[in-house]
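What follows draws every value from the coordinates through simple rules; no lab data is involved. Keep in mind it's a predicted model, so treat the numbers as computed, not measured. Please note: Cβ atoms are built from the backbone with ideal geometry, for glycine as well, and neighbour counts cover all protein chains shown.
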Amino acid sequence: MVFGYRSANNPIWRGDLPKRYIPGVTMRDLKSFFAGVPVNRTLGFTLVSCDADGAELTMPVREKYLQETGFLQGGIVSALADTAAAYALLPGLREGYGMTGVEFKINFLRPALPGRGDLTARGKVVRQGRTIGVVQVEVEQGGRMTALATFTYMFFERD
């Protein structure tokens, strides 16, 4: 199994998707799985692409996610970047393995604001080894970078 939460409604735990990302899995299948993940639905994340070159996600900047000063709350930006990082690693995940995040660092370069367009996160794998993967994610809004993040994931053999 790839990764996922244990739930009867999760396609990975039900076995609806292959045990690892393989070229035969269509982007349509992957997007359908992605859209079924509760946090992705709640925050309005959309999977644009996921392949050996990395992953790209978008999300709308909704008023309900703004903090006191009118900026998009940083945890929401971090969640988008984290999801882009995980999906960037997915194509290279070995069969029978899962992954979990162990560390991340994010620099907020400018505020994300409503009315300036959707946020786009692009994750690129820096290194994907046997036990550890590192991904750099750029988050932008309206063509301007709003955040830069680095994520470290640990890979583990599934039971």
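Under a Cβ-Cβ cut-off of 9 Å, what is the net charge of the residues other than Ala55 that fall near it, where Lys and Arg count +1 and Asp and Glu count -1? Provide the component values of the computation, followed by the final result.
Numbers: positive: Arg122, Lys124; negative: Asp51, Asp53, Glu56.
That sum, taken over residues with Cβ under 9 Å, equals -1.
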How large is the Kirkwood hydrodynamic radius of segment 25-159, counting all unique pairs of alpha carbons, in Å?
15.1 Å
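Which FRET efficiency, nearest 0.05, do Lys124 and Arg62 yield, Cβ-Cβ r, R0 22 Å?
Working: r = 27 Å, r/R0 = 1.21.
After rounding to 0.05, the efficiency reads 0.25.
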Vicinal HN-Hα couplings computed from phi for segment 104-118 (Karplus, 6.51 cos²θ - 1.76 cosθ + 1.60; Hz; Gly/Pro x)
8, 9, 9, 10, 8, 9, 7, x, 8, 10, x, x, 10, x, 5
Spelling out what I want: for every residue of segment 33-42, take phi, set θ = phi - 60°, compute 6.51 cos²θ - 1.76 cosθ + 1.60 (Karplus), and round to whole Hz; glycine and proline get x.
4, 4, 5, x, 6, x, 5, 5, 5, 4
From Cα pairs below 8 angstrom and at least 6 apart in sequence, can you work out the relative contact order of segment 67-159, rounded to a whole percent?
35 percent
Long-range HN-HN contacts of Val126 with modeled amide H, under 5 Å:
Val134, Val135, Gln136
